[in-house]
Amino acid sequence: MRKCHLARTAISVYYTVTFFVLALSSAPVVSAGTELTAGIFRLVQKFYPDKVYWMEQKDLSLNEALSYIDPHASWIPADQPQPNELSDDSVVIGADLLRKDSSWWIVPYQGGTLFDRGLIDRSRLLAIDGVDIQNQNKEQLLSRIRGGIHTLTCLSVEIGSVPRTECIQRRPVQPPSVERIFTEKGQKPRIRIRNFRSHQTRIELQQAITAMQKLGLPIRIDLRESSGGDLFEALDCAALFVDGGTPIVEFRAIHGEDKVITAPSSFPMITAPIDILIGPDTSSAAEIFAGILRIHAGARLIGERTYGKCTSQKRFSLADGSSLWLTNLVVYFTDGRTCEGHGLETRYQCKGSLSSEITETCLLQMPSSERKISIAALYSFSSCFF
């Protein structure tokens, strides 16, 4: 039983920014005369009555108009995946596929062939089957990635400045929520959270922490590749480190009543020094998780400033099967601040912390009294799963 004092179905977190971009090009031009836009118009008018005039701009597509009203809003056609849904393509190479800084990147899943061959963190994808893909769009890239199960594909990547090619069989890989990583030479074991999944991540996180503690290992949580996920699951994960009954966040509603959320008392409390490494792509529920631990568990934030999304979006199903996502609340921490629009600041900066080696170097440069590593929640960025 959830004890966050607010039904999980009432709020959904739109954590995959990429889908907003994908939907943008296919959104129709705003036209008040269609049944679809009339329904959207009514919803926007309810949440943002002072901005609804953007819906009347004839030269804007639907998503362009929505972006002026709510930067996190989007309309997603019925034939496109919703933010919390994975494409069938997500499992064929065993990695997330990401677009960042005009390059394509892959982040292998634990349990996949690429991970087992030592590609653990983010690597720049250079070519597929010998074909340069840097200037290809998503659909062109997918046409090369897709293929029958157990067929062969060769991926050329760059790790740091070192090129490498791996030929693997396409096969199903279940994208994990929590990964236990022990394989990096010269680096401390860590727990990586991909995203916060309902009724899953808290249990797996607690199990991973228990396993690390039994081995006498420092506990580090790596959020570099977490783009957020289920808000309530993130709150439950944070509650593992907070006394039951303690207020942890406030939901300030765009339309409706504000609510103070308290930590459930049914979870065993984990007491340990906490380090949370963050970066420019730590987003949404991951930021909220880190912010709560900073305030209520004395966590140090190390790395770079986070993305800056402390809002939740609600999904409205429309008559044609499409969906409208609108921001329905802003999350505030108990110190009266929110990360929305400006992110979380760090106590220690590790520039260029894409690299695990750089992160380790940063930690080693700290005063010995500051190196009690318990939990490292590294930075993440919004991703599209393939």
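Quick check on the stretch 210-232: of everything there that is assigned to a loop (DSSP other than H, G, I, E, B) and of a type in the set (S, T, N, Q), which residue is farthest from Phe182 (Cα to Cα)? Let's see the steps before the verdict.
Our first condition is that a residue be assigned to a loop (DSSP other than H, G, I, E, B); within the stretch 210-232, this holds for 215-220, 223-228, 230.
Those left that are additionally of a type in the set (S, T, N, Q): 226-227.
Working: Ser226: 19, Ser227: 22 Å.
Selected residue: Ser227.
Being loosely packed, with under 12 Cβ neighbours inside 10 Å and at pLDDT below 90 narrows it down to one residue among Ile149, Ile120; which is it?
On the way: Ile120 fails: loosely packed, with under 12 Cβ neighbours inside 10 Å.
The conditions single out Ile149.
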Q: Name every residue in the stretch 90-107 that is under 15 Å from the mean Cα position of the chain (by Cα) and under 14 Å from Gln169 (Cα atoms), in order of residue number.
A: Ala95
Q. Quick check: anything in the stretch 266-278 surrounded by fewer than 22 Cβ atoms within 10 Å (Cβ to Cβ), among the β-branched types (Val, Ile, Thr), modelled with pLDDT of 90 or more and more than 27 Å from Pro77 (Cβ to Cβ)?
A. no
Q. Would you pick out the residues in the stretch 56-92 that are at pLDDT 85 or above, hydrophobic (A, V, I, L, M, F, W, C) and surrounded by 21 or more Cβ atoms within 10 Å (Cβ to Cβ)?
A. Leu62, Ala65, Leu66, Ala73, Trp75, Ile76
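Return the residues of the stretch 113-137 that are among the hydrophobic types (A, V, I, L, M, F, W, C) and over 15 Å from Pro175 (Cα atoms); say none if nothing qualifies.
Residues of the stretch 113-137 that are among the hydrophobic types (A, V, I, L, M, F, W, C), as a first pass: 114-115, 119-120, 125-128, 131, 133.
Once the filter is applied, which keeps residues that are among the hydrophobic types (A, V, I, L, M, F, W, C) and over 15 Å from Pro175 (Cα atoms), the stretch 113-137 yields Leu119, Leu125, Leu126, Ala127, Ile128, Val131, Ile133.
Can Gln174 be described as in contact with a strand residue (DSSP E or B) (Cβ under 7 Å, 6 or more places away or on another chain), loosely packed, with under 15 Cβ neighbours inside 10 Å and over 21 Å from Phe289 (Cα atoms)? Break it down into steps so the answer makes sense when it comes.
Details: in contact with a strand residue (DSSP E or B) (Cβ under 7 Å, 6 or more places away or on another chain): no; loosely packed, with under 15 Cβ neighbours inside 10 Å: yes; over 21 Å from Phe289 (Cα atoms): yes.
It is false that Gln174 is in contact with a strand residue (DSSP E or B) (Cβ under 7 Å, 6 or more places away or on another chain), loosely packed, with under 15 Cβ neighbours inside 10 Å and over 21 Å from Phe289 (Cα atoms).
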Q: Test Phe196 against the stated conditions and say whether it is surrounded by 15 or more Cβ atoms within 10 Å (Cβ to Cβ), among the aromatic types (Phe, Trp, Tyr) and either under 23 Å from Leu98 (Cβ atoms) or at pLDDT below 90 (or both).
A: yes
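Here's the yes/no breakdown for (1) basic (Lys, Arg); (2) over 30 Å from Pro264 (Cα atoms); (3) in contact with a Lys or Arg (Cβ under 7 Å, 6 or more places away or on another chain):
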| position | (1), (2), (3) |
| --- | --- |
| Ser102 | no, yes, no |
| Arg122 | yes, yes, no |
| Leu125 | no, yes, no |
| Gly130 | no, yes, no |
| Glu158 | no, yes, yes |
| Ile181 | no, no, yes |
| Ile191 | no, no, yes |
| His199 | no, no, no |
| Gln206 | no, no, no |
(Q) Cβ-Cβ under 8 Å, sequence separation 6+ or interchain: first residue in the stretch 150-163 and on the phi < 0 side of the Ramachandran plot, partner hydroxyl-bearing (Ser, Thr, Tyr). Which pairs? (A) Cys154/Thr165; Leu155/Thr165; Ser156/Thr165; Val157/Ser123; Val157/Thr165; Glu158/Ser123; Ile159/Ser123; Pro163/Ser156
Q: Taking Phe267 as meeting all but one of (1) more than 18 Å from Ser226 (Cα to Cα); (2) among the hydrophobic types (A, V, I, L, M, F, W, C); (3) under 22 Å from the mean Cα position of the chain (by Cα), write down the number of the exception.
A: (3)
Q.
Going by what's in this entry, would Ala238 be described as more than 15 Å from Ala272 (Cβ to Cβ), surrounded by 23 or more Cβ atoms within 10 Å (Cβ to Cβ) and of a type in the set (A, V, I, L, M)?
A. no
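Anything in the stretch 209-242 that is of a type outside the set (A, V, I, L, M) and within 19 Å of Gly303 (Cα to Cα)? List them, or say none.
Just the residues of the stretch 209-242 that are of a type outside the set (A, V, I, L, M), to begin with: 210, 213-214, 216, 218, 220, 222, 224-230, 232-233, 236-237, 241.
If the condition is that a residue be of a type outside the set (A, V, I, L, M) and within 19 Å of Gly303 (Cα to Cα), then Pro218, Arg220, Asp222, Arg224, Glu225, Ser226, Ser227, Gly228 are the ones that fit.
The values are calculated or read from the model by the stated rules, or taken from the named source; none is laboratory data. What you see is a predicted model, and the numbers here were worked out from it, not measured in a lab. Ideal geometry is used to build each Cβ from the backbone, glycine not excepted, and the neighbour counts take in all protein chains shown.
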